[in-house]
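Heads up: the structure comes next, in structure tokens.
The values are calculated or read from the model by the stated rules, or taken from the named source; none is laboratory data. Everything quoted here is computed from the prediction, not taken from an experiment. Cβ coordinates were reconstructed from backbone atoms using ideal geometry, including for glycine residues, and neighbour counts include every protein chain displayed.
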Amino acid sequence: MADLLKIGKHEFSSRLFIGTGKYKDFAAMKAAHQASGAQVVTVAVRRLDLKAQGEAAMLNWIDKSMALLPNTAGCYTAEEAVRTCQLARELSMGDMVKLEVLGDQKTLFPDVEETLKAARVLVKEGFTVLPYITDDPIACKKLEDAGCAAVMPLAAPIGSGLGIRNPYNIRIILETVKVPVIVDAGVGTASDAAIALELGCHGVLMNTAIAAAKDPVLMASAMKKAIEAGREAFLAGRMPRKLYGNASSPLDGMIG
Amino acid sequence: MADLLKIGKHEFSSRLFIGTGKYKDFAAMKAAHQASGAQVVTVAVRRLDLKAQGEAAMLNWIDKSMALLPNTAGCYTAEEAVRTCQLARELSMGDMVKLEVLGDQKTLFPDVEETLKAARVLVKEGFTVLPYITDDPIACKKLEDAGCAAVMPLAAPIGSGLGIRNPYNIRIILETVKVPVIVDAGVGTASDAAIALELGCHGVLMNTAIAAAKDPVLMASAMKKAIEAGREAFLAGRMPRKLYGNASSPLDGMIG
Amino acid sequence: MADLLKIGKHEFSSRLFIGTGKYKDFAAMKAAHQASGAQVVTVAVRRLDLKAQGEAAMLNWIDKSMALLPNTAGCYTAEEAVRTCQLARELSMGDMVKLEVLGDQKTLFPDVEETLKAARVLVKEGFTVLPYITDDPIACKKLEDAGCAAVMPLAAPIGSGLGIRNPYNIRIILETVKVPVIVDAGVGTASDAAIALELGCHGVLMNTAIAAAKDPVLMASAMKKAIEAGREAFLAGRMPRKLYGNASSPLDGMIG
Amino acid sequence: MADLLKIGKHEFSSRLFIGTGKYKDFAAMKAAHQASGAQVVTVAVRRLDLKAQGEAAMLNWIDKSMALLPNTAGCYTAEEAVRTCQLARELSMGDMVKLEVLGDQKTLFPDVEETLKAARVLVKEGFTVLPYITDDPIACKKLEDAGCAAVMPLAAPIGSGLGIRNPYNIRIILETVKVPVIVDAGVGTASDAAIALELGCHGVLMNTAIAAAKDPVLMASAMKKAIEAGREAFLAGRMPRKLYGNASSPLDGMIG
Amino acid sequence: MTLTVNGQQEQFPDGLTVRGLLAHLGITAERVAVEVNLRVVKRAEHPELRLSDGDKIEVVTFVGGG
Amino acid sequence: MTLTVNGQQEQFPDGLTVRGLLAHLGITAERVAVEVNLRVVKRAEHPELRLSDGDKIEVVTFVGGG
Amino acid sequence: MTLTVNGQQEQFPDGLTVRGLLAHLGITAERVAVEVNLRVVKRAEHPELRLSDGDKIEVVTFVGGG
Amino acid sequence: MTLTVNGQQEQFPDGLTVRGLLAHLGITAERVAVEVNLRVVKRAEHPELRLSDGDKIEVVTFVGGG
């Protein structure tokens, strides 16, 4: 039986959500996407550059089989975020949005209050809402209560690459909500992603960890394997931790 | 070009060394071995049980393509360890040995002084010596100087499952020796193994993490992927860590 | 020149805020208070037990020189919290309140949205508001903008004793707000408190760490010293961290 | 009843051992010593500079009440270390020595094998031996068995200021030996010292953390308090850790 | 008249003031605060504020907390 | 008439529809979305919605992001 | 003669070789190694090495370990 | 005679004792320790121990360390 991730009405066999920012060029992006096996890809909404006709349209470089997850990056109020989602829906012809209402240009932390406000509106307007949020069990619960299809707590600040700074909070979130928990932001390397899945998270969304690696294609492959490894380790049920352990080799039958 | 691990005259494409202890039965062991993709398998040397004629011979359950790595588990002096290695060579028809001279039955920590003594003898006798040792850069250097083909510092106590307790020491060891560094003992779950490879270690040896998982075969598969993920992430060159990062989505072109 | 902590119009030479809950009896509480050197003491507001006339009034056991900091523990909405503060002001004859709007009975995490709502009301009503909040730089900034006199991010869940789970967030908060940052909740032992001050926090509020120690008076003394130690270490300017260091003893003049 | 640290036949009420290296000048050193309350002070043995007659003799700046603990810093063999201790005994008129046999000029890690060799000789010659050693329970046990009066595992590399990198090993050492455990090397700030005592260690030896702070006198005071705080917290018996805790304020009597 | 005091409905003499209620209950007013129908009653108002049938009164004090 | 398109004021022929504006600008409508005076215009409305002097128009597309 | 095999003293026919001992014990020599009086006996020596009264013999094999 | 003191070869008057050498060098003996040919010389021996041509002498003291 397939181990599928269900987000609203969507189902995915890959648990890696990948971004489209910061790549050297679209060809590099496409190669990384392919190596990653991701089925969901985040994109941002921006004004068309009216002067730059004929610029390579990024969407041509995204595999048609991938689901688009437009984000509201750069929005600082619920109103801007809602407007951006409405434009995104026109563009993507899809209902999924990554809701991201930032509180601060420097740290790129989410604004919990505005995120909640926007989520309540967007759910009513029929969006499948995946909100980026602090690692706050109560904010996650309120987003679930508002009808969000998943919650996406940060591992660490966007672009920091620090990994899961507070696994305790992630564990508490996993005990608190029933919708999927996707770790969003802060993953830096493969083991960070594996740890998220081992804690029981349902997926990981990342951009910089792949795009800013020296070799993005190899890192994309590493992330694919790490996420599968973390998921399998979670399902396999790890050994207990002890201060000291037991010998792996038997005590009986030592030579005299 | 293949990314091979070289230990003395041996070459392996898998960087996972797997054990044979603590499995429910030999069939479970064999299934885990297959899922792991390991090419090196540790075994212990013990008195044949003269009463138990016809007992299933473990070696029949180990794939012929796997290299045997006999250990000296249970030895507390250099003398016992050397003797055990000599017997092991007769048995395995191979030259590789996992040298393990313990200092204490409770913690199963190695005895650095006795391990050094045994290593010096074994290298002279033509063994390819892989010593289990503390995460001590000087002990590792002296083992390399004695002619060991690799060093195998512990991540954490044998059977503890605590993961790499002191990545600083592992990093210093990697800067100090030129022979391969195989993390031995203490790995508990997939991300622990990935972290070892991301630090630059050349392989991981484990037994309990797989054998004592609820589903050893699934954990073996997780470990295979985690080690490949960690190695690829190491080779890919991870993004830098920062206290805060940079937006993944561009600042230009926000709607007005 | 005295190193004073300023909260609104109040000034304190001690940076330890101490609670009144969970003590064996009021005498034990008083002894711990004295050993702690604390100048601010938290209290809760509850219905008077009309049946229990003549019960020992807790306030008789609190030194008159200590400032009372009534909390709104147990409130789950802004409305309840505001009402509780109004009652507390009648009781304490003071203007300081510890605003605490919980989101969940199990984890006792704060509800950011309701806390902000309550803070805005209370500041307008003239309270000196010290809100308990998640370790969220944006929530802290918005509380500061609302006029709070300090912010009190949690180190870890109330009563958990886990210490500062996410020092990165605490550092970012310290860079983000100008009002004092008091770590509230989650401190378990002396070093946890020292670490808060070393990070640059201005004070620590604790209850369980002292009240639930085997010897609360000795732990109160430990906390007093730890907070002074942490503050002095912060002011003294610690040595830089390195992967390896330099010899403390000179290299010149070794005997030949 | 006084809480004394006993090392061989010596007794100390302070648990802080302080160094004499890296200070700006002797006056700064003396001021830091006084602020620290230390009763044991480490010194190195070096050739007298025959050209520099009349140079300020360091010993004039060390309080006569402090016990001298000469070290063997800079020695790389057991032989050199033993010779240095013999000279030191002539100089200090005391029997205590800090045995330090290094394995490597870069990392300044101890050489376990040579340290053991030297310790066995020195104990026979009547020294009270305090060996600097890795955080290795077996090496510590063998040093105790050799007759050392204490063991001094490193927290982290000398001069690194990283704090206790592997508290698990320190805990295991505390369960393994009966002689006092003094953490030597690697402490960077006050909380690092407090943590050592909270784990149950009996003292801390430090030099760089104080001498290389921006304000050594203030840091010395911080260390004094931190060590007392850590010791008291250890004796007081800390609260248990939990993933979430219990409310400090009662659930009964909430207003309706 | 019937008052609900701290959640308990009971009969009290008509025309009690807040001060009178506290006296009736044997409570010294110093370290309690009183709310009538969700409105805090300042101590200065205690002698004047007259209670009516059906009023909901909360009488609170400080207890241990953190 | 004067329209503000993506923040730039410019002159355009009177009576343009949204579709006409996109054509005028040389934009294929497929992968852009259009907002007129803060209201999103669905693609089906492009041929019909006629623009007026002073309208503020946003023409957006997807770009790389995370 | 008396031999101590894997710690157990037992009687065996005089003049056994190592190969003879293994055969006597019903052990196929393939996956065991033999030590006589703390000296490992290579497989090629099994047919020749004759055991004497009082010899201490270890017969070992591989078992599960980590 | 020639002595090597702290690694430096120099000429000294014949027949010096350790005490004499220290005096010659202007060193107060209190806080130094002396080694002659790898053997520590206890302070009590300083007046008696006579140095010979070719001796290697170390004169050490305490310096700052950690």
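Of the conditions (1) within 13 Å of chain G (Cβ to nearest Cβ); (2) more than 14 Å from the chain's Cα centre (by Cα); (3) among the hydroxyl-bearing types (Ser, Thr, Tyr), B:Thr20 clears all except one; give me its number.
Status for B:Thr20: all satisfied but (2).
Which ones in the stretch B:35-55 are more than 8 Å from every other protein chain (Cβ to nearest Cβ), without any contact (Cβ under 8 Å) to a residue 60 or more places away in the chain and not aliphatic (A, V, I, L, M)?
Within the stretch B:35-55, B:Gln39, B:Lys51, B:Gly54, B:Glu55 qualify.
Is it true that some residue in the stretch F:13-30 is crowded, with 19+ Cβ neighbours inside 10 Å, polar (S, T, N, Q) and within 27 Å of A:Lys98 (Cβ to Cβ)?
Within the stretch F:13-30, not a single residue is crowded, with 19+ Cβ neighbours inside 10 Å, polar (S, T, N, Q) and within 27 Å of A:Lys98 (Cβ to Cβ).
Which residues, taken from the stretch C:135-174, are touching a helix residue (DSSP H, G or I) at 6+ places or on another chain (Cβ under 9 Å) and of a type in the set (Phe, Trp, Tyr)?
None - no residue of the stretch C:135-174 is touching a helix residue (DSSP H, G or I) at 6+ places or on another chain (Cβ under 9 Å) and of a type in the set (Phe, Trp, Tyr), so the list stays empty.
Where the second residue is surrounded by fewer than 21 Cβ atoms within 10 Å (Cβ to Cβ) and not in a helix (DSSP H, G or I) and the first is charged (D, E, K, R) and lies in the stretch C:174-202, which pairs have Cβ atoms under 7 Å and are six or more apart or on separate chains?
The qualifying pairs do not exist here.
Only one of these is buried (at least 22 other Cβ atoms within 10 Å of the Cβ), within 21 Å of C:Ser160 (Cβ to Cβ), among the aliphatic types (A, V, I, L, M) and more than 14 Å from chain A (Cβ to nearest Cβ): C:Leu99, C:Leu122. Name it. Give the derivation first.
Numbers: C:Leu122 fails: within 21 Å of C:Ser160 (Cβ to Cβ).
Residue meeting the stated conditions: C:Leu99.
Go through A:Met58, A:Met29 for me and flag whichever is within 9 Å of chain F (Cβ to nearest Cβ), within 23 Å of A:Met206 (Cβ to Cβ), without any contact (Cβ under 8 Å) to a residue 40 or more places away in the chain and among the hydrophobic types (A, V, I, L, M, F, W, C).
When all the criteria are applied, what remains is A:Met58.
Could you list all residues from the stretch E:50-66 that are surrounded by fewer than 17 Cβ atoms within 10 Å (Cβ to Cβ) and more than 13 Å from chain C (Cβ to nearest Cβ)?
The answer is E:Arg50, E:Ser52, E:Asp53, E:Gly54.
Kindly indicate the residue of the stretch C:229-256 that is free of Cβ contacts under 8 Å to residues at least 24 places away in the same chain and part of a helix (DSSP H, G or I) and also nearest to D:Met223 (Cα to Cα) among those meeting that condition.
Ranking the qualifying residues of the stretch C:229-256, first place goes to C:Glu232.
How many residues does the stretch D:214-229 hold that are surrounded by fewer than 24 Cβ atoms within 10 Å (Cβ to Cβ), facing chain C (nearest Cβ under 7 Å) and among the aliphatic types (A, V, I, L, M)?
Residues in the stretch D:214-229 being surrounded by fewer than 24 Cβ atoms within 10 Å (Cβ to Cβ), facing chain C (nearest Cβ under 7 Å) and among the aliphatic types (A, V, I, L, M): 1 in total.
Say we look at the stretch G:6-34 and pick out the residues that are within 30 Å of B:Asn207 (Cα to Cα) and touching a helix residue (DSSP H, G or I) at 6+ places or on another chain (Cβ under 6 Å); which of these is nearest to the other protein chains (Cβ to nearest Cβ)?
G:Ala33
Being β-branched (Val, Ile, Thr) and assigned to a helix (DSSP H, G or I), is that true of even one residue in the stretch A:197-205?
No, because not a single residue in the stretch A:197-205 is β-branched (Val, Ile, Thr) and assigned to a helix (DSSP H, G or I).
Only one of B:Ser14, B:Ser36 is hydroxyl-bearing (Ser, Thr, Tyr), under 16 Å from B:Gly203 (Cα atoms), in contact with a Gly (Cβ under 8 Å, 6 or more places away or on another chain) and at pLDDT 95 or above. Can you tell me which? So that I can check it myself, show each step before the final result.
On the way: B:Ser36 fails: in contact with a Gly (Cβ under 8 Å, 6 or more places away or on another chain).
Step by step, each of B:Ser14, B:Ser36 is checked, and only B:Ser14 is hydroxyl-bearing (Ser, Thr, Tyr), under 16 Å from B:Gly203 (Cα atoms), in contact with a Gly (Cβ under 8 Å, 6 or more places away or on another chain) and at pLDDT 95 or above.
Residues that are among the hydroxyl-bearing types (Ser, Thr, Tyr), touching a Lys or Arg at 6+ places or on another chain (Cβ under 7 Å) and modelled with pLDDT of 95 or more: does the stretch G:33-56 have at least one?
So far as the stretch G:33-56 goes, no, none of its residues is among the hydroxyl-bearing types (Ser, Thr, Tyr), touching a Lys or Arg at 6+ places or on another chain (Cβ under 7 Å) and modelled with pLDDT of 95 or more.
Taking the stretch C:141-171, which residues are hydrophobic (A, V, I, L, M, F, W, C), more than 11 Å from C:Ala119 (Cβ to Cβ) and at pLDDT 95 or above? Explain how you work it out, then say what you get.
Here is the first cut: in the stretch C:141-171, the ones hydrophobic (A, V, I, L, M, F, W, C) are C:143, C:146, C:148-152, C:154-156, C:158, C:162, C:164, C:170.
Retained after the next criterion (residues that are more than 11 Å from C:Ala119 (Cβ to Cβ)): C:150, C:152, C:154-156, C:158, C:162, C:164, C:170.
Residues satisfying the conditions are C:Ala150, C:Met152, C:Leu154, C:Ile164, C:Ile170.
Would it be correct to say that B:Lys178 is at pLDDT 95 or above and within 14 Å of chain A (Cβ to nearest Cβ)? Can you show your working first?
Values: at pLDDT 95 or above: yes; within 14 Å of chain A (Cβ to nearest Cβ): no.
When the stated conditions are applied, B:Lys178 does not pass them.
Sort out for me the helices (runs of 4 or more DSSP H) sitting completely within the stretch A:93-178 that have 3 or more residues that are under 30 Å from B:Arg238 (Cβ atoms) and not hydrophobic (A, V, I, L, M, F, W, C).
So the answer is A:167-176.
Just to be sure I understand, how many residues within the stretch B:230-256 are closer than 26 Å to B:Ile182 by Cα, within 7 Å of another protein chain (Cβ to nearest Cβ) and either crowded, with 16+ Cβ neighbours inside 10 Å or among the hydrophobic types (A, V, I, L, M, F, W, C) (or both)?
Residues in the stretch B:230-256 being closer than 26 Å to B:Ile182 by Cα, within 7 Å of another protein chain (Cβ to nearest Cβ) and either crowded, with 16+ Cβ neighbours inside 10 Å or among the hydrophobic types (A, V, I, L, M, F, W, C) (or both): 7 in total.
Can you confirm whether C:Ala44 is outside any loop (DSSP other than H, G, I, E, B), within 20 Å of C:Ile133 (Cα to Cα) and touching a strand residue (DSSP E or B) at 6+ places or on another chain (Cβ under 9 Å)? Show your work before the answer.
Numbers: outside any loop (DSSP other than H, G, I, E, B): yes; within 20 Å of C:Ile133 (Cα to Cα): yes; touching a strand residue (DSSP E or B) at 6+ places or on another chain (Cβ under 9 Å): yes.
Yes; evaluated as a whole, the condition is true for this residue.
Could you please let me know if D:Lys225 is at pLDDT 95 or above and part of a loop (DSSP other than H, G, I, E, B)?
The answer is no for D:Lys225.
D:Leu199 is checked against (1) within 24 Å of C:Ala185 (Cβ to Cβ); (2) under 17 Å from the mean Cα position of the chain (by Cα); (3) within 7 Å of chain C (Cβ to nearest Cβ) and fails just one. What number does that condition carry?
(3)
The conditions are (1) surrounded by fewer than 19 Cβ atoms within 10 Å (Cβ to Cβ); (2) in contact with a Pro (Cβ under 7 Å, 6 or more places away or on another chain), and G:Leu38 fails exactly one of them. Which is it?
Of (1) surrounded by fewer than 19 Cβ atoms within 10 Å (Cβ to Cβ); (2) in contact with a Pro (Cβ under 7 Å, 6 or more places away or on another chain), only one is false for G:Leu38: (2).
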